[in-house]
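*Asks:* Just passing along the structure, written as structure tokens.
The values are calculated or read from the model by the stated rules, or taken from the named source; none is laboratory data. This one's a predicted model, so the numbers in the text were calculated from it and none came from an experiment. Heads up, the Cβs are rebuilt from the backbone with ideal geometry, glycines too, and the neighbour counts pull from every protein chain shown.
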Amino acid sequence: MVKFDIQNLNAWFGSKHVLKNINMKIEENTVTAIIGPSGCGKTTLLRCLNRMHELIPGARVSGKVIFNGVNIYDNSVDPVMVRRKIGMVFQKPNPFPMMSIYDNVAVGLKLNGIRDKRVLDAAVKRSLELANLWDEVKDELNKSGASLSGGQQQRLCIARALAVEPEVLLMDEPCSALDPISTAKIEELIRKLAKDYTIIIVTHNVQQAARVSDFTAFLYLGELIEYGPTRQIFENPQNELTERYLTGKFG
Amino acid sequence: MKMPRKMPLFFNSLNLKFSSQFKNHLKGDNLFKLVSALFASSIFLLLGLMIYTLIEGSWLSIQTFGLNFIVGTTWDPAISKVFGALPLILGTLVTSAIALLIGVPISLGIGLALSEYLPRRFGFAISFLVELLAAVPSVVYGLWGMFVLIPFLREHVYPYLQTALGFIPLFSGPIYGGGVLTGGIVLAIMIIPTVSAVMRDLFSAVPNSQREAIIALGATKWETTKIVVSYARSGVIGAAILGLGRAVGETMAITMVIGNKFQVWPSSLFDAWYTMAAIIANELLEATYDLYVSALINVGLILLIITLLINVLARLIVWRAMRLTRGIVRE
Amino acid sequence: MDYHKLRFIKDRLMQSLVYLSLILAFIPLFSIIYEVFVRGVSAINVDFFIKPTPTVGEVGGGVANAIQGTLITIGLASLIGVPVGLMSGIFLSEYSESRLSMIIRFLHDVLGGVPSIVIGVFAYALITRSIGFSVTAAAFALAVIMIPIVTRTTEEALKLVPMSIREAAIALGIPRWKVTITIALSSARKAIITGILLSIARIAGESAPILVSMGFWRWWFAGLNRPVANLALNIFIFAMSPFKNWVTLAWGSALILIIMVLIISVLARITLTRG
């Protein structure tokens, strides 16, 4: 089932045209990697999917992104609701330092009006389990969110995003600030989550894309050059640019 | 191991259609913007009310004396009921000028010490101590001025000052310890924290490339410092004017040491005098009839106008100087 | 004389002058703290804290009523000053670029530069002339002094909240206004509270506006349309009086004020540098 149907998506920073006519369909419960050299627009594309790009002053978007049959850019659609269904994890882990681990995970639920302690307890446990963090923090839920190591903080952010039960998880270079072991743990987590969530991950590490994703999209200078099953892209790229990027000739 | 994916209770049963809560969120955002804007706009009301009530309170005096109030030199509440504020304005300006003469050079030194001379570690401690100076209440300065500074000056400083400079009329005349010069000294101490903090910021903002350029030519530390000060000179003037604004408005400290004597001009620096702020503090409670009260409010209005002009001028100069120093504006 | 030697001497001389200015500034500071402590300590005894102002001729006495009165006045002033300052600071930091914000910010700076005696006259003209010398008028004056301070410190505190924290909250699907009230505010709460404490320290030391809007009061709290005793104002009245025990009480009150100011300043420094 198609989760995202992106049609003629264009994006600008002021007068700079950063995404040019992107057309792609993303399947449900898959991991899609977006790769490309610096500045090619991958993060912008990701942020267009949860309507965060438009928050930057001077930013503009045109085109359609159809999610669950609804164009999220339609005038009647509330961007806040979009973001509840489509979660995001950022490059640099950003847990709320002034809150405990428990509160970090629970905050999304609390702000949506859920007050029942039993429900919150269960949700926090489940989210931390899903994020493969529960065993490490279950006895220290009251410690500050910032007291964890980098890799743990990132998993905390994943738990926080999962707690509000999105259908999609957007990940913007989630491992670039982490060491190899933490990276491996997160990649393992991604494969596990893919069974129930649609994951789109931006990465500058092509090996990671090969390891972790089902589909890969290659962006260059704002254009979608090639998009297809990961295996096919890596073993048999159709476009010369793709091949040159994958073999490290540039970027 | 299969983890239960869906929460069995509340969350998915919430109607999460994309447009269902849109109106609520927009309403929330707009309401919030409106309420906070309303609170913030109370400043218009406050300032407007202040100007209005001061003018209204001064009206009787304005009607009676007109502009003569500003140049009048009589203050006789008891018999002729004539009021004039010129000596007060002069007293305020002169004591503030003395405060600047003493306080600005010292503030300059402190600003330079903090930005050019002292190592970082000391910088924090010193800045903290300077902040402490700023936190001492005005009335405590006055108390200290009355019981510590005045006897000290009267016994150990002024007599020698008079011996050395007594041939100048400014330094002749009876010494009782308080008066114009003492007032200026206390005011100087009080403006140092503000002025030196601004100066430190100004000097720190001077680009290092300037210092490096002159050092490369073989300059001494002092010669380098001169370059820094000259680069930031318009800001230095602005900081001094900021200090002037503070000195002009000081009340308790000055009234406790200056002697509170209404006269057109003091006979010497050791003579007593009066300022606008001091007379309001001393006499508003004693003012028993309407014209008297109105005259005092009128003095307050004049003080307000002078302070506003000084502060706006100072901020414009400092703001412009900061922009120049950072190289944003090329002139 | 050798020109190089001259430059060298000048350099050393100027350096000494710079350090001299530091010394000159700190002599009064240390003198004030020293004198207030030494002279104030002799006033401190149990009576100091439980007895009200002594009548003329009475021996001893205390500042208990002044402490009560000052707390009441500060409390009333904060009731208006803190909410208005908080909301104004929030508005200025969240909608920082708009034309309205620039004007409001400028006006807050203007109000912050108005001498406190003028604000006292404002309170006198607005309130005292109608309901008489009263704690209400004094609290109003203090609130007007507080507002620009709390506004500025709140705005600066919120501006320091890193963008990444706000982004994380927005990405969770939390509406803008909730992000501000819950996430941003709690992230900045240390700095905001420090700002409020600093403003309280400032108004606790004010005496000029109190003098002209409320006047001197020797007794306990007697109603909102009556004055109350005030610690800072008492220092002024007692110092100018001919009574020895009143002067002693003045130093004792000054000691309390200085200690309180010192504590809050140190607390503020620690919070702001660590947080």
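*Asks:* Please work out which residue is surrounded by the most Cβ atoms within 10 Å (Cβ to Cβ), limiting yourself to the range C:80-132 and to residues that are over 27 Å from B:Leu242 (Cα atoms) and of a type in the set (D, E, K, R).
*Replies:* C:Glu94
*Asks:* Next up: If I filter the range C:20-51 down to residues being among the hydroxyl-bearing types (Ser, Thr, Tyr) and closer than 25 Å to B:Ala134 by Cα, which single residue comes out as modelled with the lowest pLDDT?
*Replies:* For the range C:20-51, the residue satisfying everything is C:Ser21.
*Asks:* Still on this model: So which residues in the range C:219-244 are at the interface with chain B (Cβ under 8 Å from one of its Cβ atoms) and assigned to a helix (DSSP H, G or I)?
*Replies:* C:Ala232, C:Leu233, C:Ile235, C:Phe236, C:Ala239
*Asks:* Would you pick out the residues in the range C:143-165 that are away from every other protein chain (no Cβ under 13 Å) and either of a type outside the set (Val, Ile, Thr) or part of a loop (DSSP other than H, G, I, E, B) (or both)?
*Replies:* Matches in the range C:143-165: C:Glu156, C:Lys159.
*Asks:* Would you check if there is a residue in the range C:83-104 being over 23 Å from C:Ala157 (Cβ atoms), of a type in the set (S, T, N, Q) and either in contact with a Leu (Cβ under 9 Å, 6 or more places away or on another chain) or without any contact (Cβ under 8 Å) to a residue 12 or more places away in the chain (or both)?
*Replies:* No.
*Asks:* Sticking with this one: So the check is Cβ under 6 Å with 6+ separation or different chains; which pairs have a first residue in the range C:247-275 that's more than 9 Å from chain B (Cβ to nearest Cβ) and a second one that's assigned to a helix (DSSP H, G or I) and of a type in the set (Gly, Ala, Ser)?
*Replies:* Sorted first by the residue in the range C:247-275, then by its partner, the pairs are C:Gly252/C:Gly40; C:Leu255/C:Gly40.
*Asks:* Taking the condition of being free of Cβ contacts under 8 Å to residues at least 60 places away in the same chain and among the basic types (Lys, Arg), how many residues in the range B:181-232 meet it?
*Replies:* Here the count works out to 2.
*Asks:* Considering each of C:Ser130, C:Ser96 in turn, give the residue that is part of a loop (DSSP other than H, G, I, E, B), more than 8 Å from every other protein chain (Cβ to nearest Cβ) and modelled with pLDDT under 95.
*Replies:* Going through C:Ser130, C:Ser96 in turn, the sole match is C:Ser96.
*Asks:* Being under 23 Å from B:Gly28 (Cβ atoms) and within 22 Å of the chain's Cα centre (by Cα), is that true of even one residue in the range C:180-191?
*Replies:* Yes, some residue in the range C:180-191 is under 23 Å from B:Gly28 (Cβ atoms) and within 22 Å of the chain's Cα centre (by Cα).
*Asks:* A further question on this structure: Restricting attention to the range C:245-263, does a residue exist that is in a loop (DSSP other than H, G, I, E, B) and either modelled with pLDDT of 95 or more or within 20 Å of C:Thr73 (Cα to Cα) (or both)?
*Replies:* No, the range C:245-263 contains no residue that is in a loop (DSSP other than H, G, I, E, B) and either modelled with pLDDT of 95 or more or within 20 Å of C:Thr73 (Cα to Cα) (or both).
*Asks:* Specify which of the listed residues (A:Val105, A:Val77) is among the β-branched types (Val, Ile, Thr), modelled with pLDDT under 90 and over 28 Å from A:Asp214 (Cα atoms).
*Replies:* On inspection, the qualifying residue turns out to be A:Val77.
*Asks:* State yes or no: is B:Val148 touching a helix residue (DSSP H, G or I) at 6+ places or on another chain (Cβ under 9 Å), under 30 Å from C:Gly252 (Cβ atoms), surrounded by fewer than 21 Cβ atoms within 10 Å (Cβ to Cβ) and facing chain C (nearest Cβ under 9 Å)?
*Replies:* So B:Val148 passes the test.
*Asks:* Are any residues in the range B:125-145 surrounded by fewer than 19 Cβ atoms within 10 Å (Cβ to Cβ) and either under 17 Å from C:Pro242 (Cα atoms) or hydroxyl-bearing (Ser, Thr, Tyr) (or both), and if so, which ones?
*Replies:* Scanning the range B:125-145 gives a single hit, B:Ser127.
*Asks:* Of the residues B:Ser138, B:Ser115, B:Ser127, B:Ser107, which is under 30 Å from C:Ser207 (Cβ atoms), modelled with pLDDT under 90 and of a type in the set (Ser, Thr, Tyr)?
*Replies:* None of the other options fit; the residue is B:Ser127.
*Asks:* If the requirement is being facing another protein chain (nearest Cβ under 9 Å), free of Cβ contacts under 8 Å to residues at least 40 places away in the same chain and surrounded by 17 or more Cβ atoms within 10 Å (Cβ to Cβ), which of these qualifies: B:Leu112, B:Leu118, B:Leu54?
*Replies:* Testing whether each residue is facing another protein chain (nearest Cβ under 9 Å), free of Cβ contacts under 8 Å to residues at least 40 places away in the same chain and surrounded by 17 or more Cβ atoms within 10 Å (Cβ to Cβ) leaves just B:Leu118.
*Asks:* So for the range C:192-202 (the condition being free of Cβ contacts under 8 Å to residues at least 60 places away in the same chain, over 24 Å from C:Val84 (Cα atoms) and within 14 Å of chain B (Cβ to nearest Cβ)), does at least one residue qualify?
*Replies:* No, the range C:192-202 has no match at all.
*Asks:* Restrict the check to the range C:112-122 and report whether at least one residue is away from chain B (no Cβ under 12 Å) and out of contact with any Lys or Arg (no Cβ under 9 Å at 6 or more places or on another chain).
*Replies:* no
*Asks:* Take the conditions assigned to a helix (DSSP H, G or I), in contact with a helix residue (DSSP H, G or I) (Cβ under 9 Å, 6 or more places away or on another chain) and among the polar types (S, T, N, Q) and apply them to C:Ser101. Does it pass?
*Replies:* It is true that C:Ser101 is assigned to a helix (DSSP H, G or I), in contact with a helix residue (DSSP H, G or I) (Cβ under 9 Å, 6 or more places away or on another chain) and among the polar types (S, T, N, Q).
*Asks:* Out of all the residues in the range A:101-113, which are more than 9 Å from chain C (Cβ to nearest Cβ), out of contact with any Pro (no Cβ under 7 Å at 6 or more places or on another chain) and crowded, with 18+ Cβ neighbours inside 10 Å?
*Replies:* A:Ile101, A:Tyr102, A:Asp103, A:Val105, A:Ala106, A:Leu109, listed by residue number.
*Asks:* Taking B:Ile279 as the residue in question, decide whether it is under 18 Å from C:Gly113 (Cβ atoms) and of a type outside the set (D, E, K, R).
*Replies:* So B:Ile279 fails the test.
*Asks:* Can you pull out the residues in the range B:281-314 that are under 18 Å from B:Thr64 (Cβ atoms), assigned to a helix (DSSP H, G or I) and over 18 Å from the mean Cα position of the chain (by Cα)?
*Replies:* Once the filter is applied, which keeps residues that are under 18 Å from B:Thr64 (Cβ atoms), assigned to a helix (DSSP H, G or I) and over 18 Å from the mean Cα position of the chain (by Cα), the range B:281-314 yields B:Glu283, B:Asp290, B:Leu291, B:Tyr292, B:Val293, B:Ser294, B:Ala295, B:Leu296, B:Ile297, B:Asn298, B:Val299.
*Asks:* Here's another thing I want to ask about it. Is at least one residue of the range A:76-89 away from chain C (no Cβ under 14 Å), β-branched (Val, Ile, Thr) and surrounded by fewer than 20 Cβ atoms within 10 Å (Cβ to Cβ)?
*Replies:* no
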